[in-house]
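Q: Here's a structure for you.
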Ligand code: SF4
Ligand code: SF4
């Protein structure tokens, strides 16, 4: 029988509600359990991946009031930020928008994603302002010094993604891989967390809508609207949350062939109000299409696979340093998108994203990870292609969905 949101809230308050993560629900379904409306009240879904639409709005103290009239250029750790929209005249402070995809002019391989992680970790950052009279002002600030620090995601948590291979000879740089993609058909990169992804579980947006409360990088946030380029077939979300309340584990930089990008992690609760919502929640990896496109044109699918790419694979690499050649340079260290791979041939698992690049580039297989293969039909042949890079992290997605479940049960997150 259908339930109302008030009934679910009452069950939560009395401790009688059944809250499952999407992963727990799918495991029940895979085990052949029949799940009815009586068996679940809320499902928490999660996703974590490179999300280029991430913007931060900062209000930053720079100098004494009156020290400069108006900022013309602003840099944070060398990353250009955009002053405005308020002119901030004679205040000594600036409002800026900083894109997660912007790159530092002073620190190699550093960009907006790395900066957000540093700020949330409490690190001090360098701010430089050039005013309209070409005077320069500098300051060192932490997140605590900023009265406002808010993330606005303009295009987040897509329901559907395209994946990519390189059908041509040679290699191709792109934002979809940290290393140039080798062809013909020697590399495959994809994004999206498949059956645990929020919009895959509510494809008609019956509950994920304007005003829905969500977790963004561990902070409670709100969906403002659907994101830019959102369509009913390919929805994504415009959302916001306070950066000061975020957990740095869930956000960071991700270096690609075209420079650093940013990753974020989002969890969304789905109250199971009726049979339609429950049926949509029963989606599994094999039901979710993953079109495979040519990295050169990007939009026309060559063939389609599905999100079973997440099944029977490792989420993190392991390391066998005994056989190491001690090459100079060490390629995993050079190409690790999140700087998790250390000089001492160890992996910082708090930074690791499970992308798999280290295993691809090391000639001795010192770091190793099973990421599986896909099989497509192209140019009249069956092509078996190794998965060489994942730009989504199922481990973080599982963790943030679990965190949301616990917060709903203990009452710190209200539906
Ligand atoms: S590339 Fe591989 S073998 Fe060479 S130093 Fe790095 S981990 Fe060792
Ligand atoms: S899987 Fe390897 S390359 Fe990717 S983030 Fe982890 S250590 Fe770095």
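Q: Arranged from highest to lowest average of other beta-carbon atoms within 10 Å per residue, in what order do the peptides 207-217, 65-75, 94-104 appear? Walk me through the intermediate numbers first.
A: Details: 207-217: 20.0, 65-75: 16.9, 94-104: 21.7.
Sorting 207-217, 65-75, 94-104 by mean packing, highest first, produces 94-104, 207-217, 65-75.
Q: Give me the one-decimal nm value for the distance between modelled label points at residue 213 and residue 82, 7 Å along each residue's Cα-to-Cβ direction.
A: Distance between the two pseudo-spin positions: 3.2 nm.
Q: In nm², what is the average projected area of the convex hull enclosing the Cα atoms of segment 54-152? Please report the intermediate quantities before stating the final value.
A: Details: hull surface 22.1 nm².
So the mean shadow area of the Cα hull is 5.5 nm².
Q: Along the Cα→Cβ direction, 7 angstrom out, place labels at residue 328 and residue 206. What is the inter-label distance in nm?
A: In this crude spin-label approximation the distance works out to 6.3 nm.
Q: Can you give the FRET efficiency to the nearest 0.05 for residue 73 and residue 30, using r as the Cβ-Cβ distance and R₀ = 45 Å?
A: Given R0 = 45 Å and the Cβ-Cβ separation, E is 0.25.
Q: Report the Cα centroid-to-centroid distance between segment 118-135 and segment 366-415 in angstrom, as an integer.
A: 35 Å
Q: Apply 1/(1 + (r/R0)^6) to the Cβ-Cβ distance of residue 135 and residue 105, taking R0 = 25 Å, and write down the FRET efficiency to the nearest 0.05.
A: Using R0 = 25 Å, I get an efficiency of 0.85.
Q: How high is the relative contact order of segment 220-336, in percent, counting Cα pairs under 8 Å that sit 6 or more residues apart?
A: Once divided by the residue count of segment 220-336, the mean separation gives 12 percent.
Q: Test of understanding: extend the Cα→C-beta vector of residue 128 to 7 Å, then name every residue of segment 60-91 with backbone N under 11 Å from that spot.
A: Residues 74-80 qualify, since their backbone N sits under 11 Å from the label point.
Q: Can you give the calculated 222 nm mean residue ellipticity of the chain, where each DSSP H run of n ≥ 4 adds -39,500 (n - 2.57) and the sum is split over every residue, rounded to the nearest 500 deg cm²/dmol?
A: After summing the helix terms and dividing by the residues of the chain, the value is -4000 deg cm²/dmol.
Q: Could you tell me how far the Cα centroid of segment 272-350 sits from the Cα centroid of segment 223-247, in Å?
A: 22 Å
Q: Another question about this same structure. For the chain, what proportion of DSSP beta bridges, expressed in % and rounded to the nearest 5, is antiparallel?
A: Around 90 percent antiparallel, to the nearest 5.
Q: Using a Gaussian network model of the chain whose springs link C-alpha atoms within less than 10 Å, name the residue from 365, 111, 380 with the highest mean-square fluctuation.
A: 380
Q: Just to be sure I follow: if Rg is taken over the C-alpha atoms of the chain and Rh is the Kirkwood radius over the same atoms, what is Rg/Rh?
A: 1.00
Q: Okay, moving on. How far is it, in nm, from the label point at residue 224 to the one at residue 311 when both lie 7 Å from their Cα along the line to the Cβ?
A: With each label placed 7 Å out from Cα toward Cβ, I get 3.9 nm.
Q: Set the Förster radius R0 to 51 Å, insert the Cβ-Cβ distance between residue 89 and residue 350 as r into 1/(1 + (r/R0)^6), and round the FRET efficiency to 0.05.
A: Efficiency computed from Cβ-Cβ geometry: 0.75.
Q: Compute from the Cα atoms of segment 88-233 the Rg and the Dmax, the latter being the longest Cα-Cα distance, and quote both in angstrom.
A: Final numbers for Rg and Dmax: 19.9, 58 Å.
Q: With a ≥ b ≥ c taken as the square roots of the eigenvalues of the C-alpha gyration tensor of segment 151-283, please select rounded if a/c is under 1.5 and otherwise prolate if a/b is larger than b/c or oblate if it is not? Don't skip to the end; give the middle numbers.
A: Details: a/c = 2.54, a/b = 1.51, b/c = 1.68.
Oblate.
Q: Contact order normalised by length for the chain, with contacts defined as Cα pairs under 8 Å and 6 or more residues apart; what percent is it? Please report the intermediate quantities before stating the final value.
A: Values: 1071 pairs, mean separation 82.8, N = 415.
After rounding, I find 20 percent.
Just so you know, all these numbers are worked out from the coordinates, no wet-lab data involved. In this text, all values refer to a predicted model and were calculated from it rather than measured experimentally. Quick reminder, even Gly has a Cβ in these numbers, built from the backbone with ideal geometry, and neighbours come from all protein chains shown.
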